[in-house]
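Beneath this line is the structure, given in structure tokens, with notes to follow.
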Amino acid sequence: MHPIERLRFVARASGVAQGPLVAETVHALRGFASDQMGLVTACRRVVGRHLSCGAVVTVAARTLTASDPIDSLIAAGREAADDPTARTLADSLPVGALMVVVGWPEVAVAALGRRGDVCVMVVDTTGEGEDLVDALERADVPAELVGPEGVGAAVRCAASAGEDAVVVIEADVVGPQSAIAVPGSLAAAATARALGVGVVLSVPFGRCHPASMFDAALERLETAVERPWEAAWDLVPVSLVDEVVRGGRRGPVADLLSEPDCPVAPELFSAAAF
């Protein structure tokens, strides 16, 4: 495994990477598969702890709506493990690209391991940027650390690279109109749009949700935050996105977000679970 590929499995300052968390969720829920009431409670609890982890919510929703929970869990675990989003993103980057990322985007970082010609500007809004830059440089990927106050300047610098520049935002979860991502993502995307830099939204396995599921999770997240500017996430309108990379596909927002990964399971957001 390439050193950069390993980075996607490292615990990050902003939280646990969704890939390993999906595997843990699949393992945990299998223990409740024969107990319908216990399964509902377990799914509610795991979702309550990980409202912004779209892949975890998808696994729980699929499990509750499946005729055979075990088969559903096995299939979800396999689909998450085999997710080709990183490969598709790597293939979509221009030759010699200058890429701006925010925080520690696990799939975008994995994509870098497949390219030897990409330079990265890491905007550190989550306290993990220095570690990521060090790891990238050890893997021979040129990287520059940018403080959170420099997000606009970083995108402006990228704009000077012309068509070779791209801002990659990784969705923690995305609905038809907006994506939840790490803090600083909205500023990066909005600045990129203003300066004519392309914005790519990376949507790995399980993170594309229907409106009702996305809105229910967002409502819970917003209720838990007294001051919106102190939230550990940003809400990014998909109108700021030029292209979506999801699974083995890349293309326009409307096309790539039209079929959610997650079924509707309103029981996951019962008040009794929170």
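Remarks
- Candidates Ala97, Ala154, Ala231, ranked by Gaussian network fluctuation over the chain, Cα under 10 Å, top entry: Ala231
- Amide hydrogen neighbours beyond the local backbone of Ser202, cut-off 5 Å, H modeled: Ile169, Glu170, Ala171, Val245
- Prolate/oblate/rounded call for the stretch 107-229, Cα gyration tensor, a/c under 1.5 rounded: prolate
- Cα centroid of the stretch 230-274 to Cα centroid of the stretch 64-114, whole Å: 14 Å
- Among the trypsin sites (Lys or Arg not before Pro) in the stretch 96-168, none is located in a DSSP loop while being surrounded by at most 13 other Cβ atoms within 10 Å of its own Cβ.
- Charged-residue dipole, Cβ positions (Lys, Arg, Asp, Glu), the chain about Cα centre, Debye nearest 20: 420 debye
- Loop GluC sites (Glu not before Pro), the stretch 156-233 (other Cβ atoms within 10 Å of the site Cβ: 14 or fewer; DSSP): Glu226
- Nitroxide proxy distance, nm - points 7 Å out along Cα→Cβ at Ser239 and Glu267: 3.8 nm
- Counting only DSSP H runs of at least 4 residues, each contributing -39500 (n - 2.57), and dividing by the residue count of the chain, the helix-based mean residue ellipticity at 222 nm comes to -12500 deg cm²/dmol.
- Under the simplified labelling scheme, the Val225-Asp255 pair shows an inter-label distance of 3.2 nm, with each label point 7 Å from Cα along Cα→Cβ.
- Val100 long-range amide H proximity, modeled H, under 5 Å: Met121, Val166, Val167, Val168
- Label-point separation in nm, Arg138 to Arg114, each point 7 Å along Cα→Cβ: 2.4 nm
- The relative contact order of the chain comes to 22 percent, based on Cα pairs under 8 Å that sit 6 or more residues apart.
- Build a GNM of the chain with springs between Cα atoms under 10 Å apart, and of Gln36, Gln18, Gln177 the one that fluctuates most is Gln36.
- Given their separation in residues at 0.36 nm each and the Cα-Cα distance between them, Ala66 and Arg30 gain 11.7 nm when the chain is fully extended.
Taken together, the values in this text are just the output of simple stated rules run on the coordinates, not laboratory data. No experiment lies behind these values; they were computed from the predicted model shown. Every residue, glycine among them, receives a Cβ derived from its backbone with ideal geometry; neighbour counts consider all protein chains shown.
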